[in-house]
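Enquirer: This structure is in structure tokens; I'll ask about it shortly.
The values are calculated or read from the model by the stated rules, or taken from the named source; none is laboratory data. Keep in mind it's a predicted model, so treat the numbers as computed, not measured. In this analysis, Cβ positions are derived from the backbone assuming ideal geometry, glycine residues included, and neighbour counts consider all displayed protein chains. When the accessible area is computed, the model is the full protein with side chains, heavy atoms only, and any ligands, DNA or RNA have been set aside. Shrake-Rupley method; radii C 1.70, N 1.55, O 1.52, S 1.80 Å.
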Amino acid sequence: MCNLYSQTRAQEAMRQLFAAVDKLGNLPAQPEIYPDQMAPIVRIGLDGERELVRARWGLPSPPSVLKTARDPGVTNVRNTGSPHWRRWLGPPHRCLVPLTAFAEPRGKGEGNQWFAPADGRSVAFAGIHVPGWTSVRKVKDGPTTDDLFAFLTTAPNAEVAAVHPKAMPVILTTPADWQTWMGADWAEARHLQRPLPDGALRLVDPPG
């Protein structure tokens, strides 16, 4: 599963690309984004307009998997039929997660392989966000209240399957798909949980 990606697109370019109000503050390029870190997402604000904000990577875990009060968060969501996730599948909780490349593990001790769009286009993960969630992410911090996000996964396409045969992130590549993901009923939006076509990704070096 994808637990590492990069977002090196300029802040103003993201604002224009996603036609969103910029509420990020000063955002540096992020060549490596890991679980539990802050990263930009595009969501629908209270005024009904798209906004760029920062959120913490990792949605609330199902209570059944937690062994202590600490919840490190779930980074990827595949089983959208689960009651735990269904409550957050409507448009108010959907978001776009900008990225420039993502990594999948090659195997134990073999490091990661990075992937990027073969045609260089701008893309986003199909994300879910939960604002204002209180939990214990780190014991030393105690309870914190955070805006959280994660993104969907699906079966891999040919490029990813050769490295990681279990899954790949759901990546949306066109403004039409972004609009559908952000606003359509789940009966329509769920069809976007699909792999990219074979040949849509190229193998790239780790971002520097």
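Enquirer: Quick one: Thr75 ticks every box in (1) closer than 19 Å to Val160 by Cβ; (2) surrounded by fewer than 18 Cβ atoms within 10 Å (Cβ to Cβ); (3) in contact (Cβ under 8 Å) with a residue 60 or more places away in the chain except a single one, so which number is it?
Expert: Result: Thr75 fails condition (2) only.
Enquirer: Let me ask something additional. Show the residue pairs that are 6+ apart or on different chains and have beta-carbon atoms under 6 Å apart, the first residue being within the stretch 158-187 and of a type in the set (A, V, I, L, M, F, W, C), the second being in a helix (DSSP H, G or I).
Expert: So the pair list comes out as Met168/Val160; Leu172/Trp178; Leu172/Trp181; Trp181/Ala189; Trp181/Leu192.
Enquirer: For the stretch 46-63, indicate whether the set of residues that are among the hydroxyl-bearing types (Ser, Thr, Tyr), part of a loop (DSSP other than H, G, I, E, B) and open to solvent by 30 Å² or more (accessible area, probe 1.4 Å) is non-empty.
Expert: Taking every residue of the stretch 46-63 in turn, none turns out to be among the hydroxyl-bearing types (Ser, Thr, Tyr), part of a loop (DSSP other than H, G, I, E, B) and open to solvent by 30 Å² or more (accessible area, probe 1.4 Å).
A quick yes/no check of all residues on (1) at pLDDT 95 or above; (2) farther than 18 Å from Ala55 by Cβ; (3) of a type in the set (Ser, Thr, Tyr):
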| residue | (1), (2), (3) |
| --- | --- |
| Phe125 | yes, no, no |
| Thr134 | yes, no, yes |
| Thr145 | yes, no, yes |
| Leu148 | yes, no, no |
| Leu152 | yes, no, no |
| Ala158 | yes, yes, no |
| Ala184 | yes, yes, no |
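Enquirer: Continuing with the same structure: Among the listed residues Trp133, Trp85, Trp114, identify the single one that is open to solvent by 50 Å² or more (accessible area, probe 1.4 Å) and aromatic (Phe, Trp, Tyr). Full working, then the answer.
Expert: Working: Trp85 fails: open to solvent by 50 Å² or more (accessible area, probe 1.4 Å); Trp114 fails: open to solvent by 50 Å² or more (accessible area, probe 1.4 Å).
Testing whether each residue is open to solvent by 50 Å² or more (accessible area, probe 1.4 Å) and aromatic (Phe, Trp, Tyr) leaves just Trp133.
Enquirer: Can you find even one residue in the stretch 30-38 that is buried (at least 18 other Cβ atoms within 10 Å of the Cβ), in contact (Cβ under 8 Å) with a residue 40 or more places away in the chain and among the polar types (S, T, N, Q)?
Expert: Looking for residues that are buried (at least 18 other Cβ atoms within 10 Å of the Cβ), in contact (Cβ under 8 Å) with a residue 40 or more places away in the chain and among the polar types (S, T, N, Q), one finds none in the stretch 30-38, hence no.
Enquirer: Still on this model: Any residue in the stretch 97-111 that is assigned to a helix (DSSP H, G or I) and either touching a residue at least 12 places away in the same chain (Cβ under 8 Å) or of a type outside the set (S, T, N, Q) (or both)?
Expert: no
Enquirer: Could you grab me the full set of residues in the stretch 146-181 that are part of a loop (DSSP other than H, G, I, E, B), of a type in the set (A, V, I, L, M, F, W, C) and more than 21 Å from Trp88 (Cβ to Cβ)?
Expert: Ala155, Ala162, Val163, listed by residue number.
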